[in-house]
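Visitor: Got a structure for you, written out below as structure tokens; questions coming shortly.
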Amino acid sequence: MNCSLGGVIALILATIALIVGAIAAAVTSTFVPYPYDSGLLIVATGLVAGALFGMLSLIESAIRAYQSCRDAAEGSSDCPTNNVGNYFLGIRSVLGIALSTFGIAVLKIVVPWIGKYLAGKEIIVGVAACGIAIALLLALLAELLAYKSCRDNEPKPVPPSRQGSGLSFTGPGVVTINVEGSTTIAITTQKGATISSQGIREQE
């Protein structure tokens, strides 16, 4: 069974790309006039929402599928994955902050009178939250690679040996060899012979 972590890695990198795109759109919005600034902030908000509500769920499902595949192929493991849930909690929290702050920034631009009731620096807060989310995603990736390395280095289960090999008999007559998992083999010797797992050797 081929259990690959490649799909999980690809999803994490795609999520990071979405967040980087959101950062770029948010920062660029500070250098362009209306209405381009609000349009870029809407793009940033959409990218963060895609990462938060779409990609993270896909990553979680892919991680569970990878762990199940390894367990089915190799049995249970003591390799730790306790921090994975904490990483997702932290990533969701900071992306929620980024989504909220970018949304507020859009409202302040589209509806100017709202600005006097809201604190400033929303874009800075949102970009910082996105940066923290990227750092947590990279830490999650490192955690998963360490888990994979641990599983790869664990002793693999040894299949049970087949009983009945190595039996020997010397003399004429019928020799019956019972091998576990196969049919009974009956051999008739013409004269004295040695029956072993390597074959039949006639005696002089």
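Visitor: Would you mind calculating the relative contact order of the range 6-153 from Cα pairs under 8 angstrom and at least 6 residues apart, reporting the percent as a whole number?
Guide: Relative contact order comes out at 30 percent.
Visitor: Relative to the present Cα-Cα distance, how much length would full extension add between CYS150 and GLU60 at 0.36 nm per residue of separation?
Guide: In short, 30.4 nm is gained.
Visitor: Among 35-45, 96-106, how do they line up by average Cβ neighbours within 10 Å per residue, starting with the highest? Working shown, then result.
Guide: On the way: 35-45: 19.6, 96-106: 22.5.
Going by the mean number of other Cβ atoms within 10 Å, highest first, we get 96-106, 35-45.
Visitor: Could you check how many percent of all C-alpha pairs in the range 6-153 are farther apart than 17 Å?
Guide: So the pairs more than 17 Å apart make up 62 percent of the total in the range 6-153.
Visitor: Could you go through the range 18-23 in sequence order and give the Karplus-derived ³J(HN,Hα) for each residue, using 6.51 cos²θ - 1.76 cosθ + 1.60 with θ = phi - 60°, rounded to whole Hz, and x for Gly and Pro?
Guide: Calculated HN-Hα couplings, in order: 4, 5, 4, x, 5, 4 Hz.
Laboratory data are not the source of any read-out in this text; all were calculated from the coordinates shown. It should be emphasised that the depicted structure is a prediction, and the values quoted were computed from it without experimental measurement. Reconstructed Cβ throughout: ideal geometry from the backbone, glycine too, with neighbour counts over all protein chains shown.
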